[in-house]
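Working notes for the structure below.
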Amino acid sequence: MTISQYNKRALFSGLIAAIFTGLAAYLLGNVSGYEAQSLIESSLPGINMLCNTVVLASATILALLLTLLSISNSSDSKLNKKLYEQVAIIAKMDVVLFVTAIILFQVFNIPITEAENVPEFWYTNIYWGILFSSALLSGGLVSIITMLYSTVVSMIKVFGYGDKEHDWVQNETEEE
């Protein structure tokens, strides 16, 4: 499958969101092991909420994709495989994000800050890992929602406005 212009834009917007989130955290500066431990303790509820939000959003997006496919199948317009490729790309990325958020949620619920035998320098690495992970989750969700937006706009053009020149509409040579 090739990456369309819409998907490139969506991936770029997600990358910008991840970089912005990560850069904002990085600009806060270096932290010592003790500071990292207290920052981890205070930020874990927010990180867990982010993971829960991403899981819920991903599951909802998968359900919306099924609705989108049923609308496209019940329409009078003959659509080519580009629509289905686009939906497959969104679904694959969405499932990866869903699984990643669930795994991170489980990892973030390990009570590492209550352990006594953990070296102090680990807390700094764990803290930066948590910030990096949250930036990736945020960027991934922005990318998927931007791709879904592009798909919905294209469907409106095809079904709502009757755009027969759209990339998704089969032309006479494709029907043969």
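Quick check on this structure: which one of Phe121, Phe108 is in contact (Cβ under 8 Å) with a residue 12 or more places away in the chain, open to solvent by 70 Å² or more (accessible area, probe 1.4 Å) and under 26 Å from Gly46 (Cα atoms)?
Answer to the check: Phe121.
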Would you call Ile89 surrounded by 13 or more Cβ atoms within 10 Å (Cβ to Cβ) and within 23 Å of Ala36 (Cβ to Cβ)? no
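Does Val158 qualify as being at pLDDT 75 or above, of a type in the set (A, V, I, L, M) and within 28 Å of Leu15 (Cβ to Cβ)? It would help to see each step written out before you state the result.
Working: at pLDDT 75 or above: yes; of a type in the set (A, V, I, L, M): yes; within 28 Å of Leu15 (Cβ to Cβ): no.
So Val158 does not fit the description; no.
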Is one or more of the residues making up the stretch 133-152 over 18 Å from Leu62 (Cα atoms) and modelled with pLDDT under 85? no
Yes or no: Glu116 free of Cβ contacts under 8 Å to residues at least 12 places away in the same chain and farther than 24 Å from Ile19 by Cβ? yes
For Gly129, the lone unmet condition from (1) surrounded by fewer than 18 Cβ atoms within 10 Å (Cβ to Cβ); (2) farther than 21 Å from Ile16 by Cα is (2)
Mind checking which pairs have a first residue in the stretch 14-31 that is within 21 Å of Asp94 (Cα to Cα) and a second that is at pLDDT below 75 and of a type outside the set (Phe, Trp, Tyr), Cβ under 7 Å, 6 or more apart or different chains? none
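The values are calculated or read from the model by the stated rules, or taken from the named source; none is laboratory data. Note that the coordinates shown come from a computational prediction; the quantities given were computed from them, not determined experimentally. Methodologically, a virtual Cβ is constructed for each residue, glycine included, from the backbone with ideal geometry; neighbour enumeration extends over all protein chains shown. Accessible surface areas use protein heavy atoms only, side chains included; no ligands, DNA or RNA. Shrake-Rupley method; radii C 1.70, N 1.55, O 1.52, S 1.80 Å.
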